[in-house]
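**Student:** Below: one structure in structure tokens.
Any read-out appearing in this document is the output of simple, stated calculations on the displayed coordinates, not a laboratory observation. These figures come from a predicted structure and were not determined experimentally. Here the Cβ is made from the backbone with ideal geometry for all residues, glycine too, and neighbour counts use every protein chain on show.
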Amino acid sequence: MAKVIPYLCNDILSLTAREMAKGKKTGGRTKGTPNKENPLKGYLRSHSLEYFEPKPQVDKDGNPKKIYAYVDGERIEIGVLADADGQPLVMSDFDADMLALKPMERVMAELKLLKFHTPEMKAIDMDMTVEESSKTIEERLAELAASEEEGV
């Protein structure tokens, strides 16, 4: 087993501390090294981009897509995503899905999405209790004036 020389360890530690104090990088990845590739993250990113990308809203047959709502478990057609000439509308799948929601559901979906874009404010607890006092305003003012005179 190798013998560790104490003064050598102290010198190495102090050297590292001095280098770090100067702001020099002493280890880790070299500058410009890309992060490790994550296939799941890449798939999710591309799927999300595709979901929000505007495109003609057509079904498998090439006809304008129909949107449905579900009421009590029943699927009800509520519209066709086509203009007056019967051409499919160009919009994202997200926009098409939002059209199928009730107004209240749309608002709730928008509020949930806002959480990803706006920071939440931190809650603050405040104690707003007021102590009841039997002193009159004149008595309180006299006490305050007396304490100011003592402090001078």
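**Student:** Could you go through region 92-101 in sequence order and give the Karplus-derived ³J(HN,Hα) for each residue, using 6.51 cos²θ - 1.76 cosθ + 1.60 with θ = phi - 60°, rounded to whole Hz, and x for Gly and Pro?
**Tutor:** Using θ = phi - 60°, the values come out as 7, 4, 4, 4, 5, 5, 5, 5, 7, 8 Hz.
**Student:** Based on the alpha-carbon gyration tensor of region 58-118 and its eigenvalue square roots a ≥ b ≥ c, which shape applies: rounded if a/c is under 1.5, prolate if not and a/b is larger than b/c, or oblate?
**Tutor:** Oblate, because a/c is 1.5 or more while a/b does not exceed b/c.
**Student:** LYS135: which aspartates and glutamates have alpha carbons under 15 Å from its alpha carbon, excluding same-chain residues fewer than 8 sequence positions away?
**Tutor:** GLU143
**Student:** Looking at region 58-118, how many pairs of lysines come closer than 21 Å at the Cα, when each pair is eight or more places apart or spans two chains?
**Tutor:** Total qualifying Lys-Lys pairs in region 58-118 comes to 4.
**Student:** How high is the relative contact order of region 58-118, in percent, with contacts defined as C-alpha pairs under 8 Å that are six or more residues apart?
**Tutor:** It comes to 26 percent, rounded to a whole number.
**Student:** Quickly work out the THR30-to-VAL58 label distance, labels modelled 7 Å from Cα along the C-beta direction, and quote it in nm with one decimal.
**Tutor:** 5.0
**Student:** Check which residues have an amide H placed less than 5 Å from ILE67's amide H, if you skip close sequence neighbours.
**Tutor:** HN-HN under 5 Å from ILE67: ILE78, GLY79, VAL80, LEU81.
**Student:** Just to check I understand the Karplus step: with θ = phi - 60° and J = 6.51 cos²θ - 1.76 cosθ + 1.60, what whole-Hz values come out for region 28-35, glycine and proline as x?
**Tutor:** Along region 28-35, the couplings run x, 6, 6, 4, x, 6, x, 5 Hz.
**Student:** In terms of modelled amide H atoms, which long-range or inter-chain residues lie less than 5 Å from the amide H of SER92?
**Tutor:** It is LYS55, by chain and number.
**Student:** To continue, here is another question. Could you go through region 54-64 in sequence order and give the Karplus-derived ³J(HN,Hα) for each residue, using 6.51 cos²θ - 1.76 cosθ + 1.60 with θ = phi - 60°, rounded to whole Hz, and x for Gly and Pro?
**Tutor:** x, 7, x, 8, 10, 8, 5, 7, x, 7, x
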